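To start, the structure itself, in structure tokens.
Just so it is clear, none of the values below were taken in a lab; they were calculated from the coordinates. None of these values were measured; they are calculated from a predicted model. Note that each Cβ is placed from the backbone with ideal geometry, even for glycine, and that neighbours are counted across all protein chains shown.
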Amino acid sequence: MKLLAISGSPRADSTNTAMLECFCRQAQAGVEISLYRGLADLPVFSPDREGANTPMVVHELFDALRQADGIIISSPEYVRGIPGGLKNAIDWLVSGEEVIGKPVVLAHASHRGDDMLAALRLVLATVTQQFREDIFLQLPLMTKSPEEVRKLLQGQDCAQKIGLFLNEFVQEIEKGPTTSR
């Protein structure tokens, strides 16, 4: 099974990215998690650039999504909202087929950010009928360096929480699509 992890932060020392990197290393046997790293390279969405005019970097995002059986998104909150880069990436997906019906879950690397999470949940529920709001992992990692995140998430308690989160998501993907959510 292939999962795609997307961080809403393009920052080199992003807590969210460090957390997702740990997910990649801690995935159970038979599950491959790749981290999408092209968020900062995506041009601003414009309907004029769709179809034959779609930039190659956007096609690369589409290809990564097509290859994935499910998507994990982790994002910081910027000014109580979804970071512009992540929202821009989602905007590129709206008129395509890559994310429609694709299982999507959220993980969050902070003890706060409820406004952003609410907005992101609304957006994701709009773009895919398989957004799984009930599968969610929140870890209080804000203000930690990537090195501190890696060390903390290797601890037994955090590793167990990550394992349960990933296992639950994988099990839901294996069950197949549902329309009753």
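Amide H to amide H distances under 5 Å link Q138 with H108, where only residues 5 or more positions off or on other chains count and H is placed in the peptide plane.
Shown is the FRET efficiency for M56 and A119, computed with R0 = 41 Å from the Cβ-Cβ distance and rounded to the nearest 0.05: 0.90. Can you figure out the FRET efficiency of K175 with L35, using R₀ = 25 Å and their beta-carbon distance, to the nearest 0.05? That pair, K175 with L35, gives E of 0.50. Averaged over residues, the count of other Cβ atoms within 10 Å places the peptides 82-88, 141-147, 105-111 in the sequence 105-111, 82-88, 141-147, highest first. Candidate cross-link partners of K175 among the aspartates and glutamates, defined by an alpha-carbon separation under 19 Å and a same-chain spacing of 8 or more, comprise E32, D69, E133, D134. Once C-alpha pairs closer than 8 Å and six or more residues apart are averaged by separation and normalised to the residue number of the chain, the relative contact order reads 26 percent.
Using every pair of distinct Cα positions in the chain, the Kirkwood expression returns a hydrodynamic radius of 16.5 angstrom. Note on region 2-175: antiparallel DSSP beta bridges, both residues inside, total approximately 5 percent of the bridges counted. Considering only T126, A29, L153, and ranking their Cα positions along the charge dipole of the chain that arises from unit charges at the beta-carbon of Lys, Arg, Asp and Glu, the one farthest toward the positive end is L153. With a cut-off of 15 Å between beta carbons, the residues surrounding G96 carry a summed charge of -3, where Lys and Arg count +1 and Asp and Glu -1. Taking the Cα centre of each part, how many Å lie between region 23-53 and region 58-85? Measuring centre to centre over Cα atoms gives 6 Å. Qualifying GluC sites (Glu not before Pro) in region 26-121, where qualification requires a DSSP coil assignment and no more than 13 other C-beta atoms within 10 Å, comprise E97.
Cross-link partners of K151 among lysines, defined as those whose alpha carbon lies under 29 angstrom from its own and excluding same-chain residues fewer than eight positions apart: K2, K161.
Here the chain is assigned +1 on the Cβ of each Lys and Arg and -1 on the Cβ of each Asp and Glu. Its dipole about the Cα centre then comes out at about 300 debye.
Our coupling estimate for region 48-55, obtained by passing each phi through the Karplus curve with A = 6.51, B = -1.76, C = 1.60 and θ = phi - 60°, is 5, 9, 8, x, 5, 9, 5, x Hz, Gly and Pro reported as x. All Cα-Cα distances of region 87-181, cut into 10 Å bins from zero to the largest, leave 14, 39, 34, 12, 0 percent in each bin in turn.
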